[in-house]
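The values are calculated or read from the model by the stated rules, or taken from the named source; none is laboratory data. On a predicted model such as this, the values are computed, not experimentally measured, just so you know. Ideal geometry is used to build each Cβ from the backbone, glycine not excepted, and the neighbour counts take in all protein chains shown.
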Amino acid sequence: MKSSNLIKYLIYSLTILLNVRAESAETFLWQIDNPDNNGRVYLLGSIHLADSTLYPLHPNIEHAFDSSSIFVLEVLIDQINPLDLMDKMTYKDDTTLESKLPEDLFKQAAELFESFGIQKSIYNKFKPWFALITLQSASYMEAGFSQESGIDSYFLAKARDRKMEVMEIESVEMQIKLLDKLGDNVGQYIKTALAENNTSGDLLREIIEIWEKGDDEALDEIMNRGSEADDYHEIMEELNYNRNIDMAKKINEYLNNDKTYFVVVGAAHVTGEKGIVRILENNEKYTIIRY
């Protein structure tokens, strides 16, 4: 046996014997410590929609959660009032989705809405960004993914069972205000969502596989698809980069006491040159470890 093949065989054998398949991979989990006052934050990049194949999670992630006293997620998803949410997501005057989208784009969206059993009297009152979210969510659900199987919901249920203190780093009101600010700029994204509708399940599966490998470069590559679009950078500034700055400020506040926080936000927020981790690295007093 060639020496290179022997080395590969030994590595493969040790992996099996030690059962460290999961433990040997990087994750989207970071530990941030403030040595000045023993403040600690575990920051986990999340997959909001998933299925049962995502579990069990890496043991380091479970250990970090078990070691924490406060759980933080983007919004308290179990305290959202659907009626209040619908009120903010729809037009109350004569404005319609049809009046906001180009004729051909509205026609495509309408066909897809109706294929999901949503009637025009309902979807025609959706604001463009809510139409986009609804179409994407319906496509993911049809492919077998759900919010209930996502990491946010998984840890929120565990936190409630443990009677942990639970906090939100943002709020539904803040996110809706941001989406309203984007206004009609989501039209291009609706066009992209319609074009990718038949493969949206494949895309999410790809993202889940990337997440399981802890491959932040591959995730950044997906996030940058479509960067040639005129309004891409403007939308990313609002949807991602500016929010990263605000989230990092909150995490700085958490690190200024001696408690341990387990913070879960979308994986796209933690990585990249403008991600939360890079922002926190600018504070030289913090010790940051990736698992």
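Screening Arg225 on (1) surrounded by fewer than 13 Cβ atoms within 10 Å (Cβ to Cβ); (2) basic (Lys, Arg); (3) farther than 25 Å from Ser67 by Cα; (4) modelled with pLDDT of 85 or more shows it passes everything except condition (4).
The single condition among (1) free of Cβ contacts under 8 Å to residues at least 60 places away in the same chain; (2) touching a strand residue (DSSP E or B) at 6+ places or on another chain (Cβ under 8 Å); (3) buried (at least 20 other Cβ atoms within 10 Å of the Cβ) that Leu44 does not meet is (1). With the requirement that a residue be free of Cβ contacts under 8 Å to residues at least 60 places away in the same chain and surrounded by 13 or more Cβ atoms within 10 Å (Cβ to Cβ), what does region 61-98 give you? Within region 61-98, Glu62, His63, Met86, Thr90, Tyr91, Thr95, Thr96, Leu97, Glu98 meet the criteria. Within region 67-78, the set of residues being outside any strand (DSSP E or B) and within 15 Å of Ser153 (Cα to Cα) comprises Glu74, Val75, Leu76, Ile77, Asp78.
Taking the residues in region 157-174 that are farther than 15 Å from Ser46 by Cβ and of a type in the set (Lys, Arg) as candidates, determine which candidate is surrounded by the fewest Cβ atoms within 10 Å (Cβ to Cβ). Filtering region 157-174 for residues that are farther than 15 Å from Ser46 by Cβ and of a type in the set (Lys, Arg), the one surrounded by the fewest Cβ atoms within 10 Å (Cβ to Cβ) comes out as Lys163. Could you tell me whether Asn38 is modelled with pLDDT of 50 or more and surrounded by fewer than 17 Cβ atoms within 10 Å (Cβ to Cβ)? Considered against the rule, which asks whether it is modelled with pLDDT of 50 or more and surrounded by fewer than 17 Cβ atoms within 10 Å (Cβ to Cβ), Asn38 comes out as yes. Anything in region 249-259 that is surrounded by 21 or more Cβ atoms within 10 Å (Cβ to Cβ) and either outside any loop (DSSP other than H, G, I, E, B) or of a type in the set (Ser, Thr, Tyr) (or both)? List them, or say none. Within region 249-259, Ile251, Tyr254 qualify.
Val277: closer than 29 Å to Ala143 by Cβ, touching a strand residue (DSSP E or B) at 6+ places or on another chain (Cβ under 6 Å) and buried (at least 19 other Cβ atoms within 10 Å of the Cβ), yes or no? Judged against the criteria, Val277 is not a match. Restricting region 260-274 to residues that are over 15 Å from the mean Cα position of the chain (by Cα) and modelled with pLDDT of 95 or more leaves a set whose member that is surrounded by the fewest Cβ atoms within 10 Å (Cβ to Cβ) is Thr260. In region 131-152 there is no residue that is under 26 Å from Glu234 (Cα atoms), of a type outside the set (D, E, K, R), in contact with a Lys or Arg (Cβ under 6 Å, 6 or more places away or on another chain) and surrounded by 14 or more Cβ atoms within 10 Å (Cβ to Cβ).
Entry remark, region 16-35: residues being modelled with pLDDT under 95, hydrophobic (A, V, I, L, M, F, W, C) and in a loop (DSSP other than H, G, I, E, B) number 3 in total.
Among what's in region 154-210 and is of a type in the set (Ser, Thr, Tyr) and farther than 26 Å from Pro56 by Cβ, pick the residue that is modelled with the highest pLDDT. For region 154-210, the residue satisfying everything is Ser171.
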